[in-house]
Amino acid sequence: MRVHIIGINYWPEVTGIAVFSTGRAEHLASAGHDVTMCAAVPYYPQWRVPAEYRGLKFTREARAGVAILRCPLYVPSAVNPIRRVLHEASFIASGFLRSLFCRRPDVLFVVSPPLGLAVAAVILSWLWRVPYVFHVADLQPDTALDLGMVGPGRVARLLYAVEHLAYRRAALVSTLTDAMRARIIAKGIPAEKVVLFADWADPQLFALAGGQSALIRQELGLGDAFLVLHAGNMGVKQGLDVVLDAAHQTRSNSGIVYLLVGDGAMRPHLEARARALALDNVRIVPLMDHERFLRVLAAADVCLVTQQRTVADVVFPSKVLTLLAAGKPVIASVTSGSAVANVIAGAGAGMVVRPEDGVALATAIEELRGDPSRRAGMGTAGRAYASSHWERTATLRYLTDTVERVAVASSTGAAPVAAKSRPRG
């Protein structure tokens, strides 16, 4: 089977969608399929293109059996809604043009965001006479409206029209969680056409232990402080001001240190605000290599997941999988009833507090600080949940089986049918 994948983020990016697009492509290749990945040059989450990838040029690489076609794109130095549209549009155009000169595949797999890749999917599917799977990692129109990036009106109607086109023409629509799947079905898409291709937990995380933390604590000058960790993208959706609010609430307690690891559009704002508030208990550090990050994660006493209150079931951050698999107690500053809240509460893996409420977050941190046995129980429960829901091999096997069924159905003229069972998610 020949599979052509289009997605903006891919290896060597080490956070977000790139990790899972890379894993899916490489697993399909390891199963004996001919896989081409049409991706942007790396830029995320620093929003900077490495020197070796700069220039308006198309290049080709190979890794783990996958042919990687690199496409240039516009990467703004500072992200705002207009520049983000231009950024995504530049990849949609370059990715589409590059794909036009590729061999006809048996199936096309398109990763959204950006939502506009739906247009490329529809045209390429028509030209090649092949089915496409539309994988939704973020319900982008819902997110844009929920966060106030666009208001009701022509732009919103255009986004929803593109979304409907993508879903209607796709052989299958895939997404990450049951809540996101329910949202897509509620938009009028037949339930049998919407499947789950969940993300997965890094197998290394299940063996992570606190004994790996002493050296990194020494390097970062943490001593025996109670370490509260947030790791990942520092964007608008994360609403990370709440962490600084909590740090301000507990600033008189020198035994609590907040560590924010990562990068993103909001990082300069967070750094400036931490300086303005003189928050000596806050450290903001760049992305780390994988092994160093694992040591930091092992050192953490409590980990955070934060979202703006308007974010509910439109996204499901992959850091949730990471933290539970690592056996870390989690405090989720998210909307009650959201997908994240339901997982944390259902797994018994931590506490859920009101989003954008620094006092509530600080209170939860102090409560867990004083109860080591409760933290240990949450970590154990979270790891068990991650093992049963996000095991890598089963998740990727289901994806491969389902994509193969789409290709077979297309060749025989039958309606595509998903594999009969899927990993729990």
Subject >> Structure-based [θ]222 nm, the chain - -39500 (n - 2.57) summed over DSSP H runs of at least 4, per residue, nearest 500 >> reply: -13000 deg cm²/dmol
Original post:
Using the 10 angstrom Cβ neighbour count as an exposure proxy, how do F96, F134, F316 rank, fewest first?
Top reply: F96, F316, F134
Subject >> Cross-link table K193/K328; K187/K319; K193/K319; K187/K237, entries beyond 30 Å C-alpha to C-alpha >> reply: K193/K328
Subject >> Kirkwood Rh, Cα atoms: Rg over Rh of segment 203-389 >> reply: 0.92
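With only alpha-carbon atoms in the gyration tensor, what are the semi-axes of the equivalent ellipsoid for the chain, in Å, largest first?
Values: eigenvalues 266, 104, 88 Å².
After diagonalising the Cα gyration tensor, the semi-axes are 36, 23, 21 Å.
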Original post:
Using a simple spin-label model with points 7 Å from Cα along the Cα→Cβ vector, what separation in nm is obtained for T380 and F58?
Top reply: 5.7
**OP:** Over the alpha-carbon set of segment 126-275, work out the extent along each principal axis and list the three values in angstrom, largest first.
**Re:** 60, 40, 27
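Throughout, read-outs are computed from the coordinates displayed, never taken from laboratory work. Values in this document were obtained by computation on a predicted structure and should not be read as measured data. No Cβ is skipped: glycine too gets one built from the backbone with ideal geometry, and neighbour counts run over all protein chains shown.
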